[in-house]
Structures are given as C-alpha cells and as structure tokens.
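The values are calculated or read from the model by the stated rules, or taken from the named source; none is laboratory data. In this text, all values refer to a predicted model and were calculated from it rather than measured experimentally. Quick reminder, even Gly has a Cβ in these numbers, built from the backbone with ideal geometry, and neighbours come from all protein chains shown. For accessibility, only protein heavy atoms count, side chains too; no ligands or nucleic acids. Shrake-Rupley method; radii C 1.70, N 1.55, O 1.52, S 1.80 Å.
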Amino acid sequence: MRSEMSQLKAQIIRQGHGHNVAQANGGSWMSFAPEFSEKIMEAFLKGQSEFVVQISGVPYTEDFDDMLQTNHDTGKERPIRCNFGLPSHWSSSNEAIFGRLPPKAVLTNDRALSEYESDVAFRGRIADYDTDASDDPMVPRHRPTRRKTKRDKLTFDSVTVRITDGSKLDEFTKLLRESVFHHEENGFSGDSQCDVWKRGFRVREAFHVENVSLFKAYMDNCHRMRRRHDDHEIAPEPISPGVGGALELFSEGMSISTGLSESVQERMLFHGTTLETAQKIVLDGFDSRLSNTGGFYGMGTYFASQTCKSAQYGFDGTIILARVALGDPHYTARVDQQLRRPPTKAGHTICCDSVIARPGPMRGHHSGTQSHQEFVIFEQMQAYPEYVLRYDCE
C-alpha cells in the first residue's frame with residue numbers, strides 16, 4: 001500500500017478556484033479536491049455530524065462536531081476547517097457565517113482565514129502534533145479546547161447587515177430615481193405617473209443579505225445552467241433592451257457576474273414586495289408559490305429593470321435588489337398566464353431559462369401594450385436577494 005502521504009499527494013488538483021487536497025507542506029492549509037469538497041460541504045450545510053469519504057481507497061471520517069478528520073486505516077487525526085468563499089463585498093467573516101449554521105464545535109484557538117477562495121472549500125491540515133510544524137500557531141501542540149455552540153433559528157436579522165452609511169443610502173436613492181425611465185417602444189412622451197417616483201424616491205433603510213446557504217444554492221444553479229448550455233450547445237439570446245445605465249453602473253461597482261460564465265447572463269434587477277414577504281425571501285429565496293397569482297407571463301417570480309414598475313408591488317415601501325441569472329431568455333409576444341416554465345427553445349429539446357416581456361405591442365394585454373420590461377423566472381434558486389431597500393416617496 002502506498003503511504004498515506006503518497007495517497008494524498010496523488011489527489012492534489014490545482015485549479016483556478018484554489019481547490020486542492022491537504023498535503024504536508026510545512027503544516028500549511030490546503031483545500032480538498034473539488035469532487036470531495038463539494039460532497040463534504042453539502043453534508044456540512046445539511047447539518048450532519050459527520051461524513052465518510054474515500055480518498056484513493058482509504059476511508060476518512062470528517063467529524064463536524066470536533067472538526068477533525070480521522071484515517072480509518074491508521075487512526076491518525078488532523079484538524080479541518082471550512083472556507084465559505086464569501087464575496088469580497090460581504091462584511092461577514094467565515095467565523096460569523098460558521099456560527100449561523102447547524103450546531104458544530106468551534107475551535108477556540110482557531111483564527112480567521114486571511115483570504116477567501118472563490119468557491120466553497122474545506123481545508124485539511126497534515127501535520128503531526130509533535131513535528132516542527134507545531135511551532136506554527138495555526139497547529140495546536142495538543143488537542144485544542146472545544147466549546148459546543150448552539151445555533152439560533154435563522155431570522156431576517158441573523159442573515160442581513162443593516163447599512164448605516166448615509167452615503168450608501170444616498171447611492172441607493174440615486175439608483176431608484178435613475179431607474180425610472182421608459183423605452184421608446186412604448187410611445188411615451190412628456191410627463192407620466194412614473195415621474196412622481198423619479199422625483200420622490202428616498203431610501204431610508206437598507207439591508208445587505210449575507211445568507212451563505214442561499215448564496216451557495218444560487219451559485220450552484222448558475223454553474224448548472226452554464227453546464228447545460230455547454231452540453232446542448234446553447235448560445236443564449238442577448239438581453240435586449242438593456243437593463244438601464246443606472247443598474248449597469250451599480251452592477252459594475254460591485255463586480256456583478258465576476259467568476260460566472262457570460263452564458264448565465266446575470267443581471268441586477270428589482271422586485272417589489274412587502275417587508276413581511278422580503279423577510280421570508282432572504283431566508284428561503286424567491287419561491288414563486290408565494291407570488292401573487294394572475295401574472296401575465298406565467299406562474300413565476302417577476303423582476304423589473306424599472307423601479308416605477310416594481311414600486312407598484314412595494315405596497316409598504318419595500319424593494320429587493322436581486323442578482324438574477326437570466327440565462328437564455330424567451331422573448332414573449334403574447335400574454336400567457338398559464339405558463340409554468342419557459343417555452344422550449346426553438347430548434348432544441350430543452351426549455352429556455354427565463355421569459356422576458358419587452359415594452360411595446362403585446363397580444364392579449366388588456367391595453368394592447370406592455371409598458372415596462374418584465375423578467376420572469378421559474379426556478380427558486382435562479383435569483384439571490386442582494387439588498388432589501390425600504391423607501392419613502394416624498
């Protein structure tokens with residue numbers, strides 16, 4: 001049998017997102033190979049207390065209570081820890097996120113990771129406690145003291161961060177006001193009811209959503225979408241007309257779409273709702289079963305690029321600014337309230353990823369014209385609620 005070290009070295013896979021299995025390299029932390037990391041993290045996020053994984057035929061138990069890995073053949077133990085791959089603009093640390101997950105043991109002498117990977121990864125450390133590597137403060141000389149922690153039930157407050165910076169609130173106010181516009185296709189000219197919103201929006205409260213489980217589910221959905229496009233040789237239709245200059249500029253400022261394939265066509269869009277519903281969305285995502293029935297373009301979740309449209313549904317002054325993976329859209333030419341998923345893509349056997357109602361003439365519409373651009377998705381994890389905004393109209 002090859003030595004344990006050789007077995008582990010054989011599993012090293014270095015990729016752009018930083019996944020690789022633990023190796024003895026001066027006691028440094030190294031990520032598990034992606035195929036193992038994904039399974040381990042899935043078990044961890046489900047709240048399992050342990051998970052058994054085989055590496056080169058050798059079974060290892062990943063103990064999530066004590067955060068230890070045990071080799072079944074040798075009995076050797078080594079610490080493990082997790083890195084959630086948090087986006088750079090999140091304020092939460094790995095430790096803060098860890099505390100929101102199902103009950104686990106926390107190493108009291110552990111310290112925060114100095115840098116974050118682009119994807120979720122578990123890290124294992126190969127270093128005997130009696131080796132020179134134990135001089136590194138990251139390696140305990142003896143089994144560290146552990147304290148059991150009990151996670152409170154997730155709430156709106158536990159997965160959001162209140163934004164108190166006045167300049168940031170002003171930025172959101174500017175975004176809402178500048179996202180009041182009409183497309184030329186509508187034939188609008190002069191003042192309209194929408195101009196009231198353009199002059200009056202004022203954001204008084206804002207919350208950034210930092211729900212790691214929900215964000216991971218969204219990113220997983222994006223990667224599946226990209227693979228599906230590749231497998232079926234899909235070249236997504238471009239998003240036209242665009243979402244508007246204000247949203248595009250805001251998206252650039254927070255590096256939206258970084259790391260995602262262009263075929264996913266991720267956009268920042270608005271979703272008008274109530275605070276009560278928003279409090280559910282930040283925990284469980286955009287469940288179309290909670291949406292109002294009677295939508296013109298099917299039984300999905302609706303988004304808009306124009307705040308004057310979303311404000312029609314923000315009955316108590318609540319708008320969600322969401323990341324939405326539009327993928328390969330279907331541009332509808334008629335109203336279809338019975339739609340439960342996007343239509344099949346022409347010339348293919350699979351469905352499109354979203355439905356877009358362009359402004360302009362629309363068959364079946366009570367006015368004969370679609371006034372605002374609307375985007376409809378039918379998958380719960382196809383969007384992530386990035387910000388919850390509370391506004392007044394002055």
- Message: Give me, ordered by chain and number, the residues 5 or more places off residue 181 or on other chains with an amide H under 5 Å from its own placed amide H.
- Response: 307, 308
- Query: residue 31's amide H: which non-local residues (gap 5+, or another chain) put their own amide H closer than 5 Å, with H modeled 1.01 Å from N in plane and none for Pro or chain starts?
  - Reply: 20
- Item | Label point distance in nm, residue 161-residue 275, each placed 7 Å from Cα along Cα→Cβ | 2.2
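Could you pull out the pairs from 174/280; 39/216; 39/345; 46/76; 153/216 whose alpha carbons sit more than 21 Å apart here? It would help to have the intermediate numbers written out before the result.
Numbers: 174/280 27 Å; 39/216 13 Å; 39/345 33 Å; 46/76 26 Å; 153/216 19 Å.
Flagged as over cut-off: 174/280; 39/345; 46/76.
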- With all protein chains present, calculate the accessible area of residue 61 using a 1.4 Å probe and round the result to the nearest 10 Å². 20
- Note on the structure: With every protein chain in place, the accessible area of residue 76 for a 1.4 Å probe, in Å² rounded to the nearest 10, comes to 50
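Highest mean first, what order results for 294-307, 202-215 on Cβ atoms within 10 Å? Working shown, then result.
Numbers: 294-307: 22.1, 202-215: 20.2.
Result, highest mean Cβ count within 10 Å first: 294-307, 202-215.
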- Karplus (6.51, -1.76, 1.60) ³J(HN,Hα), θ = phi - 60°, over the stretch 60-69, in Hz, Gly and Pro reported as x: 10, 9, 9, 8, 7, 6, 9, 6, 10, 10
- By the C-alpha gyration tensor axes a ≥ b ≥ c (rounded if a/c is under 1.5, else prolate when a/b exceeds b/c, else oblate), the shape of the stretch 341-394 is oblate
- Note on the structure: Going residue by residue through the stretch 211-226, the Karplus relation 6.51 cos²θ - 1.76 cosθ + 1.60 with θ = phi - 60° gives ³J(HN,Hα) values, rounded to whole Hz and with x marking Gly or Pro, of 9, 5, 5, 5, 5, 4, 5, 5, 5, 4, 5, 5, 5, 5, 4, 4
- Keeping all protein chains in place, calculate the accessible area per residue for the stretch 282-394 (probe 1.4 angstrom), answer in Å². 40
